[in-house]
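Written out below as C-alpha cells is the structure these notes cover.
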C-alpha cells in the first residue's frame with residue numbers, strides 16, 4: 001500500500017484547493033448544536049471533568065449558547081481527542097474561532113485521507129490512473145463531505161475512513177489491524 005500512495009501524487013493544486021475550502025468552511029461554520037457540544041466536551045475532558053455531564057458553561061466560553069449544554073453521546077475516543085484539542089487551541093488563546101477550526105482539523109484530515117485511500121484501493125485493484133484520479137478528486141471535492149465534515153464538524157468522515165481501511169485490510173487478510181480499525185470506527 002505504501003508504494004501506491006506514492007503513485008497517487010495527484011494535482012497538488014486540487015489538494016490545496018480542497019484543504020483551503022475545508023479550512024475556510026471550518027473556520028466560519030459549525031453545526032448550530034453539535035459544535036457547541038463538541039466544544040463543551042473538549043473543555044470538560046481537557047480539564048479533567050466528566051465529558052458526559054451536562055453543565056452551564058457560559059462563564060467558560062463567554063457565550064449564551066453554552067447555557068445548559070447537554071453531554072456528548074460518543075464513546076471515549078472522541079471526547080479524549082476533543083480534550084486534547086481544547087488544551088492546545090482554546091485553553092492558551094480563548095479564541096472560539098480557532099477552537100472551532102481546531103476541532104475540525106481531524107475531520108478535514110480524514111476527508112483527505114479518505115480520498116487517498118479510495119484512490120489507492122482503486123489502483124491496487126487494477127483501475128487505470130485516470131479512473132483512480134477522478135475518484136480521488138470526487139472524494140476530495142465532495143460537497144457533502146465538505147459540508148458535513150469541514151463546515152459542520154461532524155466526525156462521520158473519520159468513521160468512514162476507519163471503516164473503509166478496516167474493510168480493505170480485512171480483504172488483504174490483515175485481520176488483527178482490521179479489527180482494531182473497525183473497533184475505532186465503531187467507537
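The values are calculated or read from the model by the stated rules, or taken from the named source; none is laboratory data. None of the values given here were measured: they were computed from a predicted structure. Every residue, glycine as well, gets a Cβ built from its backbone with ideal geometry; the counts of neighbours run over all protein chains shown.
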Given (1) over 14 Å from residue 25 (Cα atoms); (2) surrounded by 21 or more Cβ atoms within 10 Å (Cβ to Cβ); (3) modelled with pLDDT of 95 or more, number of the condition residue 108 does not satisfy: (1)
Matching residues in the stretch 99-144 - criterion: being assigned to a helix (DSSP H, G or I), more than 13 Å from residue 164 (Cβ to Cβ) and without any contact (Cβ under 8 Å) to a residue 40 or more places away in the chain: 102, 109, 130, 131, 134, 138, 143, 144
Filtered residue count, the stretch 30-62, keeping only those that are in contact with a helix residue (DSSP H, G or I) (Cβ under 9 Å, 6 or more places away or on another chain) and either surrounded by 17 or more Cβ atoms within 10 Å (Cβ to Cβ) or in a helix (DSSP H, G or I) (or both): 19
Selection count, the stretch 90-102, where residues are closer than 21 Å to residue 22 by Cα and over 16 Å from the mean Cα position of the chain (by Cα): 4
